[in-house]
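Engineer: Sharing a structure below in structure tokens format, with a few things to ask.
The values are calculated or read from the model by the stated rules, or taken from the named source; none is laboratory data. These figures come from a predicted structure and were not determined experimentally. Heads up, the Cβs are rebuilt from the backbone with ideal geometry, glycines too, and the neighbour counts pull from every protein chain shown. Areas reflect the complete protein model, heavy atoms only, side chains present, ligands, DNA and RNA absent. Shrake-Rupley method; radii C 1.70, N 1.55, O 1.52, S 1.80 Å.
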Amino acid sequence: MNKRGRRFLEWVTPVGNLLVAQLVFVCCALTVVLIVPAAVALQRTVQAILDEHENAVFRTFVAELPGAIRRYLLIGLAIDVAAAMIMISILFWYAADGPAAVVALVVLIVVSGLLIGGYLCGLAVTVAGDQGVRRWLSASYRRLTRQPLHVAGTVVIMLTWLLLLSRVPTLALIGTGLVPALLAHWLRRRDPELVEGP
């Protein structure tokens, strides 16, 4: 194979592996209760694909999923409930009239941005290894305060992605888990010296 063919394979192989990982994530996320544990397993799989050139995507994801369920199922359910409550609140205040509705929407959007940033930071620190929920939350908070501008940029990209998703819902099949995973991977790469554990 010539040099151009090798370069093409070097570029297309990780892309294909990432899409396979995304499809496995979607299958797990259909259960709803496994969204966050599946996102953690996907994050570690993305790490293996991009940094370690792993090709056994399904095996890597399946190996990571049980530990992610054990550690992140309860916090994941809390995140799901909080996200649903914020979404319902945004829809309610969007339909309402008056200055109180505007103030409520501004507050909800700011809170949503902080939660999205915290979620992306949480994904970024999951690759540090197995850790309890308290240590995970602490490491996520440290990353959020250490990289505020980077996190703000990823939040803007994430909100843009969500707006695009509301217009073209079929994009969920190729990006629901992959977009946050790639943003979290980028966050982690922006600050490789950060001590992610306690």
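Engineer: Picking from THR126, THR160, which residue would you name as being within 17 Å of the chain's Cα centre (by Cα), loosely packed, with under 13 Cβ neighbours inside 10 Å and within 14 Å of LEU183 (Cβ to Cβ)?
Structural biologist: When all the criteria are applied, what remains is THR160.
Engineer: Looking at (1) open to solvent by 20 Å² or more (accessible area, probe 1.4 Å); (2) modelled with pLDDT under 90, which is the one condition that is false for ILE116?
Structural biologist: Failed condition: (2).
Engineer: In region 30-40, which residues are more than 14 Å from TYR119 (Cβ to Cβ) and surrounded by 20 or more Cβ atoms within 10 Å (Cβ to Cβ)? Even if it seems obvious, please write down each step before you answer.
Structural biologist: Taking region 30-40 as the starting set, the residues that turn out to be more than 14 Å from TYR119 (Cβ to Cβ) are 30-34.
Selection gives LEU34 alone.
Engineer: Has region 67-90 got any residue that is closer than 23 Å to SER166 by Cβ, among the small types (Gly, Ala, Ser) and touching a Cys at 6+ places or on another chain (Cβ under 6 Å)?
Structural biologist: The answer is no, given that none of the residues of region 67-90 is closer than 23 Å to SER166 by Cβ, among the small types (Gly, Ala, Ser) and touching a Cys at 6+ places or on another chain (Cβ under 6 Å).
Engineer: Inspect all residues belonging to region 76-96 and state whether any of them is closer than 17 Å to ASN17 by Cα and over 18 Å from the mean Cα position of the chain (by Cα).
Structural biologist: Checking region 76-96: not a single residue is closer than 17 Å to ASN17 by Cα and over 18 Å from the mean Cα position of the chain (by Cα).
Engineer: Continuing with this model, one more query. Condition first: without any contact (Cβ under 8 Å) to a residue 60 or more places away in the chain and among the aromatic types (Phe, Trp, Tyr). Now tell me which residues in region 92-126 satisfy that.
Structural biologist: Those that are without any contact (Cβ under 8 Å) to a residue 60 or more places away in the chain and among the aromatic types (Phe, Trp, Tyr): PHE92, TRP93, TYR94.
Engineer: So the check is Cβ under 7 Å with 6+ separation or different chains; which pairs have a first residue in region 163-183 that's open to solvent by 80 Å² or more (accessible area, probe 1.4 Å) and a second one that's at pLDDT 90 or above?
Structural biologist: Once the first residue is open to solvent by 80 Å² or more (accessible area, probe 1.4 Å) and sits in region 163-183, its partners that are at pLDDT 90 or above give LEU173/VAL26; ILE174/LEU19; ILE174/GLN22.
Engineer: Within the set of pairs 6 or more residues apart or between chains, which connect a residue that is without any contact (Cβ under 8 Å) to a residue 24 or more places away in the chain inside region 77-91 to a residue that is open to solvent by less than 80 Å² (accessible area, probe 1.4 Å) with Cβ atoms less than 8 Å apart?
Structural biologist: As it stands, the answer is SER89/ALA104; SER89/LEU108; ILE90/LEU105; ILE90/LEU108; ILE90/SER112, since those pairs meet every condition given.
Engineer: Also: Can you find even one residue in region 57-66 that is more than 24 Å from GLN22 (Cβ to Cβ) and open to solvent by 30 Å² or more (accessible area, probe 1.4 Å)?
Structural biologist: Step one: of region 57-66, the residues more than 24 Å from GLN22 (Cβ to Cβ) are none.
Checked region 57-66: no residue is more than 24 Å from GLN22 (Cβ to Cβ) and open to solvent by 30 Å² or more (accessible area, probe 1.4 Å).
To keep it simple, each residue is scored yes or no on (1) open to solvent by 20 Å² or more (accessible area, probe 1.4 Å); (2) of a type in the set (A, V, I, L, M); (3) modelled with pLDDT of 90 or more.
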position	(1), (2), (3)
ALA21	no, yes, yes
VAL24	yes, yes, yes
GLU52	yes, no, no
ARG71	yes, no, no
LEU77	yes, yes, yes
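Engineer: Here is a list of conditions, (1) in contact with an Asp or Glu (Cβ under 8 Å, 6 or more places away or on another chain); (2) assigned to a helix (DSSP H, G or I); (3) under 20 Å from ALA172 (Cα atoms); (4) modelled with pLDDT under 90, and GLY16 meets all of them except one; can you say which number that is?
Structural biologist: (1)
Engineer: Could you tell me which of the residues THR45, THR31 is β-branched (Val, Ile, Thr) and within 25 Å of LEU187 (Cβ to Cβ)? Talk me through it step by step, then tell me what you get.
Structural biologist: On the way: THR31 fails: within 25 Å of LEU187 (Cβ to Cβ).
After applying the criteria, what remains is THR45.
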